[in-house]
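**Student:** Handing you a structure now.
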Amino acid sequence: MNSTAFSSLTLHADLSGNLASLGYEEMTPIQAQSLPDILAGKDVIAQGKTGSGKTAAFGLGLLQKLDVQHLCVQSLVLCPTRELADQVAKEIRRLARGIPNIKILTLCGGVPLGPQIGSLEYGAHIIVGTPGRIEDHLAKGTLTLNSLNTLVLDEADRMLDMGFQPSLDVIVGQMPKKRQTLLFSATFPDAIKAISGRIMRNPVLVQVASTHDSNSIEQRFFRVEDDAGRLTALRLLLLEYSPESTLVFCNTKVETQEVADALVAYGFKALALHGDLEQRDRDQTMVQFANRSISILVATDVAARGLDIDTLDAVINYHIPHDPETYIHRIGRTGRAGCKGMAFSLYQEHPYRMIMLGDSIGRKIESETLPSVSVLNKPVMQPPMATLQIGGGKKQKVRPGDILGALTGENGIAGKQVGKIQIFDNWAYVAISRDVVKVALRKLTEGKLKGRSFRVRQMFSWPD
Ligand code: AMP
């Protein structure tokens, strides 16, 4: 029998018959690799983007276990946004068409609580929702998870990016320890490893594409004549390749600031990161780079160490580092999560140093030709997001769900236009799609969070 056919699995007849009617015959790669373990009841961590068929992978798993006679919440699927939750609930309903009387409920923020409480009173088998709202229902006692047997975290990396970690901890704390936990994520930063270590038991790892190998990094070297030539070379590379996020390495603190200032003067959204910054400036810089509202970070090796970012498009060595290990470490920050990375190095060094570096990295280093100066006329690519700073944080009890709710409420913006949300003691930062930032700013300024008005401003907002 074909091992990627759904018929190779032992699914209940009401599920398998329906799959055939939906025209699902062959499993997608993520389904073929994860479903046998999911159906065996194991905890699974899987790399799954939208469109990979991940919803059916976990959906079939939780439906196979479901006991319809028992009207209580048996599965919970947590999603970062309302759009995704709606999409997931829709797909689970399709998969469950052959099971009579099944109750699937979505519980998301941004809409009134009352009707949701009403629906919960009728009972549900499967809940799909966003963490903030689920936490609210648990706090009110309108939802209990005592009978839960399956927890799914969908787009877990996005949920953590949006600051839902504290809500997740509260929610997981209120469900049975004996359960199956499935985690789907497009990327695997350290924060994902940490949470899976806490809430999962011996998870099986399913990766459809390799997340990191040095072949996925394109290394190129460019010889420059002097410091002016170095800055021009940097601009040429940034304009030619338009990377969305670039880490530029300098060997000194002073130089990071000089290079960042020069790039800003040329219209790039760039900031310097070095050890002399105040903690607050450092946080703000990291926040803006991580949430994609700054495209270029100019840093020293020491300052870049604290940076937990997995998806850099390019690393540029403004100077060749002093030793090959540092070079390898620096360029290893790009080309992760199955994406192709660029590593460009500018050098002026004596040939023998380049030969030594070449020996250490196993290739001959030759200078390539820089992009033509005509690219200097190209407009500078702007980052996709902008950051709004809110003058309230943990101490004012501002939570990610409050911000998301205020932004996406009536006449608001769509959940997918909201990026990373980070909450500090007295400040919160939210990334917004650049094209709707003015609407978002108005929503937050005019609306209230926790019944209060907070000062809100757009960061790094000089004219584009
Ligand atoms: P997802 O990645 O879960 O958003 O699913 C992407 C789309 O693929 C959905 O519209 C599913 O209905 C569809 N789909 C999922 N699995 C299969 C399959 N094995 N065969 C055909 N279509 C599928």
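The values are calculated or read from the model by the stated rules, or taken from the named source; none is laboratory data. Please read all numbers here as calculations on a predicted model, not as lab measurements. Every residue, glycine as well, gets a Cβ built from its backbone with ideal geometry; the counts of neighbours run over all protein chains shown. Accessible surface is based on the protein model in full, side chains and every heavy atom, while ligands, DNA and RNA are left aside. Shrake-Rupley method; radii C 1.70, N 1.55, O 1.52, S 1.80 Å.
**Student:** Starting from the Cα-Cα distance between residue 146 and residue 266, subtract it from 0.36 nm times their residue separation and give me the gain in nm to one decimal.
**Tutor:** My answer for the length gained is 37.4 nm.
**Student:** Accessible area, 1.4 Å probe, largest first: how do 205, 404 sort?
**Tutor:** These residues rank, largest area first, as 205, 404.
**Student:** Okay, next question. Would you mind getting the accessible area per residue of the chain, heavy atoms of the protein chains only, 1.4 Å probe, in Å²?
**Tutor:** It amounts to 44 Å² per residue over the chain.
**Student:** State the percentage of accessible surface on segment 217-377 attributable to carbon and sulfur atoms; use a 1.4 Å probe and exclude ligands, DNA and RNA.
**Tutor:** C and S fraction of accessible area: 50 percent.
**Student:** Another question, if that's okay. Sort all Cα-Cα distances of segment 217-377 into consecutive 5 angstrom bins from zero, then give the percent of pairs in each bin up to the one containing the longest distance.
**Tutor:** Computed distribution, short to long bins: 2, 9, 19, 24, 22, 15, 7, 2, 0.
**Student:** How much of the accessible area of segment 385-458, in percent, comes from carbon and sulfur atoms when a 1.4 Å probe is used?
**Tutor:** 48
**Student:** Over 21 Å apart: what share of the alpha carbon pairs of segment 1-90 falls there, rounded to a whole percent? Could you put the intermediate results ahead of the total?
**Tutor:** Working: 1268 of 4005 pairs.
Result for the distance tail: 32 percent.
**Student:** When the accessible area of segment 131-215 is split by element with a 1.4 Å probe, what percent falls to carbon and sulfur?
**Tutor:** 50
**Student:** Could you list the square roots of 5 times each eigenvalue of the Cα gyration tensor of segment 121-259, that is, the equivalent ellipsoid semi-axes, sorted largest first and rounded to whole Å?
**Tutor:** Each semi-axis is the square root of five times an eigenvalue, giving 46, 18, 13 Å.
**Student:** In nm, to one decimal, how far is the residue 369 label point from the residue 207 one, both placed 7 Å along Cα→Cβ?
**Tutor:** Result: 3.8 nm between the two label points.
**Student:** For residue 364, list the lysines whose Cα falls under 22 Å from its own Cα; do not include residues on the same chain fewer than 8 positions away.
**Tutor:** Filter leaves 340.
**Student:** Just reorder 63, 376 by solvent-accessible area, largest first, 1.4 Å probe, all chains present.
**Tutor:** Working: 63 5, 376 55 Å².
From most accessible down to least: 376, 63.
**Student:** Give the relative contact order (percent, whole number) for segment 24-165; include only Cα pairs under 8 Å separated by 6+ residues.
**Tutor:** Numbers: 186 pairs, mean separation 40.6, N = 142.
About 29 percent, as a whole number.
**Student:** Taking 20 °C and 1.002 mPa s as the conditions, I'd like the Stokes-Einstein D for segment 116-173 in µm²/s, using the Kirkwood hydrodynamic radius from alpha carbon pairs.
**Tutor:** 176
**Student:** Quick check: the distance between the Cα centres of segment 436-455 and segment 114-177, to the nearest angstrom?
**Tutor:** Here the two parts' Cα centres lie 26 Å apart.
**Student:** Among the lysines, select those whose C-alpha is under 29 Å from the C-alpha of residue 42, and discard any that sit fewer than 8 residues away in the same chain.
**Tutor:** Counting by Cα, and skipping residues close in sequence, residue 42 has these lysines nearby: 54, 65, 90, 103, 177, 178, 193.
**Student:** How long, wide and thick is the chain, going by the Cα atoms along their three principal axes, in whole angstroms, largest first?
**Tutor:** Taking the Cα atoms of the chain, the three principal extents are 77, 61, 37 Å.
**Student:** Something else about it: Calculate, in nm to one decimal, what residue 322 and residue 198 gain on full extension: separation in residues at 0.36 nm each, minus their alpha carbon distance.
**Tutor:** 40.7 nm
**Student:** Once R0 is set to 56 Å, what does the formula 1/(1 + (r/R0)^6) return for the Cβ-Cβ distance between residue 25 and residue 174, expressed as a FRET efficiency to the nearest 0.05?
**Tutor:** On the way: r = 40 Å, r/R0 = 0.71.
For R0 = 56 Å, the calculated efficiency reads 0.90.
**Student:** If you don't mind, there's one more thing I want to ask. Quick one: accessible surface of residue 326, probe radius 1.4 Å, all protein chains present, in square angstrom to the nearest 10.
**Tutor:** Roll a 1.4 Å probe over it and residue 326 shows about 30 Å².
**Student:** Next question. Could you put 297, 105 in order of accessible surface area, largest first, with the 1.4 Å probe and the full protein assembly present?
**Tutor:** Heavy-atom accessible area, descending, gives 105, 297.
**Student:** What are the lysines whose alpha-carbon lies under 19 Å from the alpha-carbon of residue 450, with same-chain residues fewer than 8 places away excluded?
**Tutor:** Residue 450 reaches 140, 394, 395, 397.
**Student:** What full-extension length gain, to one decimal in nm, is calculated for residue 99 and residue 252 as 0.36 nm per residue of separation minus the Cα-Cα distance?
**Tutor:** This chain segment gains 48.6 nm when fully extended.
**Student:** If you don't mind, there's one more thing I want to ask. If packing is taken as the average number of other Cβ atoms within 10 Å across a peptide's residues, how do 262-269, 345-352, 357-364 rank, most packed first?
**Tutor:** The most tightly packed comes first, giving 262-269, 345-352, 357-364.
**Student:** Something else now. Please compute P(r) over all alpha-carbon pairs of segment 6-207, binned at 10 Å starting from zero, and give each bin as a whole-number percent.
**Tutor:** Percent of pairs per bin, in order: 9, 39, 39, 14, 0.
**Student:** How much accessible surface area, in Å² rounded to 10, belongs to the heavy atoms of residue 355 with a 1.4 Å probe?
**Tutor:** Approximately 110 Å² for this residue.
**Student:** Still on this structure, I have one more. Given a cut-off of under 8 Å on Cα pairs at least six residues apart, what relative contact order in percent is computed for the chain?
**Tutor:** It rounds to 15 percent for the chain.
**Student:** Calculate the length of the line joining the C-alpha centroid of segment 61-87 to that of segment 17-51, in whole Å.
**Tutor:** 16
**Student:** Still on this structure, I have one more. I'd like the accessible area for residue 454, computed on protein heavy atoms only with a 1.4 Å probe and all protein chains in place. Round to 10 Å², please.
**Tutor:** The accessible area comes out at roughly 20 Å².
**Student:** If you take the beta carbon distance between residue 397 and residue 350 as r and set R0 to 60 Å, what does 1/(1 + (r/R0)^6) give as a FRET efficiency, to the nearest 0.05? Provide the component values of the computation, followed by the final result.
**Tutor:** Values: r = 59 Å, r/R0 = 0.99.
Calculated value: 0.50.
**Student:** Something else now. Ignoring solvent entirely, what values of log10 I(q)/I(0) come out of the Debye formula for segment 385-464 at 0.23 Å⁻¹ when each Cα is a single scatterer?
**Tutor:** With no solvent term, the Cα-only Debye profile gives -1.06.
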